[in-house]
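J.: Sharing a structure with you now.
The values are calculated or read from the model by the stated rules, or taken from the named source; none is laboratory data. Model, not experiment: these values are computed from the prediction. Using ideal geometry, Cβ is built from the backbone for each residue, glycine included, and neighbour counts are taken over all protein chains shown.
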Amino acid sequence: MGKLVFTLFFILQSLVISYSDTFDDEATVSIEDFPEYAVPRHCAEFCAESVREKRLVGTPGKSRVIDAMLNTPTLHLNPEAPDILSILRDKYELPKGFQGPLAEYDFIIVGAGSAGSVLASRLSEGKQASVLLLEAGKPESLFTNVPVLAPFFQQTEYVWQYLMEPQDGVCIGMEGGRCFWPRGKAVGGSSVINYMIYTRGLPADWDGIAANGNYGWSYQEVLPYYMKSERAYLKGLKDSPWHGRDGELAVEDIPFRSKLSKAFLDAGKLLGHRRVDYNSPDYFGFSYIQATMARGRRCSTANAFLHPHKKRKNLHILHSTRATKVLIDPVTKRAYGVEFHRNGQVYQVGAKKEVLLSAGPIESPHLLMLSGIGPKQHLESLGIPVIQDLSVGKTLYDHISFPALAFTVNTSRLTIVEKREASIQNVIQYDHYGDGPMSSIAGVETIGYIKTNESEELGDLPDIELLGACASLASDEGSIVAKGIHLAGWLYNDVYKPIEGVESFNILFMLLHPKSKGYLKLKSKNPFEHPKMYGNYLTHPKDVATMIAAIRYIIKLVDTPSFQKYGATLHTKKFPNCRQYEFGSYGYWECAVRTVTSTLHHQIATCKMGPHTDPGAVVDPELRVYGVNNLRVVDSSVIPRTIVAHTNAPAIMIGEKAADMIRRTWGMI
């Protein structure tokens, strides 16, 4: 019986990659019966660089959960295999009858991430257009569907291993003193490796963006696109007018909840915070997290929007394929195709209608600049012919956090402890019911919005998002989460190793509106070399003050009876580099946040949207690149200012809205 259960577990895991019961493999035929194929050529420049990229991937920490999943003799899986992530990997082969990419498509989309997956699905609907979707990463595997494994993938081939340029006074406690910026590199993009938190942004956020000259982007105008994608199944919100019911993207409650999640909400109530649906206009309060998952399993944009349609004749998806240049006529300034590397060969494929960049907030500006679109002086310094002088990469905002607070409790089985949860029993429970600890998003359970005393905004506009968790950096003995954020060994061993045998949890926070602004630029004209990224974290004193106010508020929250009944106690071991400060003083906490300065992977504005009067704008409100015809950017890089949201849901909305704008342009509606 046990062997049968395990066999069914792995089979079901492979099947639930799709959340649709239908495959429209014969539904759309818009490509000729005798297609003309693109002719590859041998690579002449930067040919070995893609191999070098693979060497940048770190060695993932040891995951007991994966060991438990592999521990089944019925499938004869080998935990020591060189690529365990290939187990039951989804497949995106060309539709039956096609031998390779065509010479020309109506649309070429670069990037199959949160926005690109939606865009490809919508533009390939019906029989009106042919679509080529290019993705540098690989498809999802069995393991990526398991929520508790989210932090494990930060050190795998499923992420771009970006490092921020060294900056004095931040990330002191990270490996090499550098901030780590992992971004999703997969069919599904960051939605394959993120924590699945579904947040849209406040009405004031989108109304402010529209008021700055971005017509069509007010809250009332973007809300229908959020709801179009959404298939919500949320307790108590069945009849809510603010959620969609018929979309492809599953949004559900996290099945696993610890007692600490209720303590978080109860503590918030004691401090005056209401229970709310934070994805409605009545957002200002505390709540359980709404997550992009279906029956306890991750619902990535690839799962939702691509997998059910991958056999469409007019949708060709090429993974493990690196776009290196947008082809642009320098006279007419019209984008007419894309150059890409695949299997050691180089292709140039034409776009009859448009080229659409959905490669994310790092790779979209990277590709624009490689193609001659960007700051003129910078491009000329690298010998890149300038097609259009635009402020590409000159604006960059990011949400940062301090995931290093730890609270211990004197009550057993309150928190997630990896070595305890990684059991065959929990695997079976997850297989049968889609719940239990494996359905937890690495311990993160609750969310709350607060306005600190540092805020200068009028009204109920939060400056901090709180995230309650039932785990800490010590819960996996430093093997996964700490390793995933590149926490230095000297810091972990000194501060967190002593509490590995004690149940502990964390409440982290997100700085919603940092005043510090970063930028990025090319390192060279080698397309396989990562750009230089400058976060400029904490260069504005208000950001430091707001983060310290958030820490003090969290300590106040945990000091309520809701947490104290479990003996919740702040772990007061000083960071070794901050010993000169009194623990709890302003100086100590500033030293601490500069030691563990962690991104939440929400970089935006590198291809900023704005009206033609905005000198920093790269795209117009219809996402068209200024000065270049038939070229748009469709991803979170266009968001012009910070919003109260994790950027996965906004990117999906952008993909939905862009698809309508594009179809309207070409008379496809």
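J.: Among the residues of the range 336-352, is any in the same structural domain as residue 112 (by TED's automatic domain parsing) and under 30 Å from residue 642 (Cα atoms)?
T.: no
J.: Then there is this: If residue 546 passes every condition in (1) surrounded by 17 or more Cβ atoms within 10 Å (Cβ to Cβ); (2) under 27 Å from residue 193 (Cα atoms) but one, which one does it miss?
T.: Residue 546 satisfies every listed condition except (2).
J.: Residues to consider are 520, 508; find the one that is in contact with a Pro (Cβ under 7 Å, 6 or more places away or on another chain), outside any loop (DSSP other than H, G, I, E, B) and within 20 Å of residue 362 (Cα to Cα).
T.: So the residue among 520, 508 that is in contact with a Pro (Cβ under 7 Å, 6 or more places away or on another chain), outside any loop (DSSP other than H, G, I, E, B) and within 20 Å of residue 362 (Cα to Cα) is 520.
J.: Residue 226 - would you say it is at pLDDT 95 or above, hydroxyl-bearing (Ser, Thr, Tyr), surrounded by fewer than 24 Cβ atoms within 10 Å (Cβ to Cβ) and under 24 Å from the mean Cα position of the chain (by Cα)?
T.: So residue 226 fails the test.
J.: Right, something else. Within the set of pairs 6 or more residues apart or between chains, which connect a residue that is in contact (Cβ under 8 Å) with a residue 24 or more places away in the chain inside the range 457-480 to a residue that is among the acidic types (Asp, Glu) and crowded, with 24+ Cβ neighbours inside 10 Å with Cβ atoms less than 7 Å apart?
T.: 468/445; 469/445; 470/445
J.: Here is a follow-up. Checking residue 148 against (1) within 29 Å of residue 541 (Cα to Cα); (2) touching a Pro at 6+ places or on another chain (Cβ under 7 Å); (3) of a type in the set (A, V, I, L, M), only one condition comes out false. Which one?
T.: Of everything listed in (1) within 29 Å of residue 541 (Cα to Cα); (2) touching a Pro at 6+ places or on another chain (Cβ under 7 Å); (3) of a type in the set (A, V, I, L, M), residue 148 misses just condition (1).
J.: Next question, about the same structure. Inspect all residues belonging to the range 652-659 and state whether any of them is closer than 20 Å to residue 334 by Cα, of a type in the set (A, V, I, L, M, F, W, C), touching a residue at least 60 places away in the same chain (Cβ under 8 Å) and touching a strand residue (DSSP E or B) at 6+ places or on another chain (Cβ under 6 Å).
T.: Within the range 652-659, not a single residue is closer than 20 Å to residue 334 by Cα, of a type in the set (A, V, I, L, M, F, W, C), touching a residue at least 60 places away in the same chain (Cβ under 8 Å) and touching a strand residue (DSSP E or B) at 6+ places or on another chain (Cβ under 6 Å).
J.: Now a separate question. Output the helices (runs of 4 or more DSSP H) that fall wholly within the range 561-669 and possess 1 or more residues being more than 30 Å from the chain's Cα centre (by Cα), or say none.
T.: Qualifying helices (runs of 4 or more DSSP H): 561-564, 586-595.
J.: Name every residue in the range 310-325 that is in contact with a strand residue (DSSP E or B) (Cβ under 7 Å, 6 or more places away or on another chain) and modelled with pLDDT under 95, in order of residue number.
T.: Result: 310, single match.
J.: Return a yes/no flag: does the range 316-326 have any residue that is buried (at least 18 other Cβ atoms within 10 Å of the Cβ), within 26 Å of residue 646 (Cβ to Cβ) and within 19 Å of the chain's Cα centre (by Cα).
T.: Within the range 316-326 (the criterion being buried (at least 18 other Cβ atoms within 10 Å of the Cβ), within 26 Å of residue 646 (Cβ to Cβ) and within 19 Å of the chain's Cα centre (by Cα)), the answer is yes, since at least one residue qualifies.
J.: Hey, can you tell me all the residues within the range 552-595 that are surrounded by fewer than 19 Cβ atoms within 10 Å (Cβ to Cβ) and β-branched (Val, Ile, Thr)?
T.: 555, 560, 569, 572
J.: Now, a different point. Name, by its number, the condition in (1) under 21 Å from the mean Cα position of the chain (by Cα); (2) outside any loop (DSSP other than H, G, I, E, B) that does not hold for residue 266.
T.: (1)
J.: Here is a follow-up. Which one of the conditions (1) assigned to a helix (DSSP H, G or I); (2) charged (D, E, K, R); (3) over 20 Å from the mean Cα position of the chain (by Cα) does residue 165 fail to meet, given that it meets all the rest?
T.: The one condition residue 165 does not meet is (1).
J.: Would you confirm whether any residue within the range 386-401 is touching a helix residue (DSSP H, G or I) at 6+ places or on another chain (Cβ under 7 Å) and under 29 Å from residue 205 (Cβ atoms)?
T.: yes
J.: From the list 515, 542, 483, 525, pick out the single residue that is touching a residue at least 24 places away in the same chain (Cβ under 8 Å), closer than 29 Å to residue 375 by Cβ and part of a helix (DSSP H, G or I).
T.: Answer to the check: 542.
J.: Could I ask something else about it? Among the candidates 519, 566, 537, 553, single out the residue that is farther than 30 Å from residue 271 by Cβ and of a type in the set (Phe, Trp, Tyr).
T.: 519
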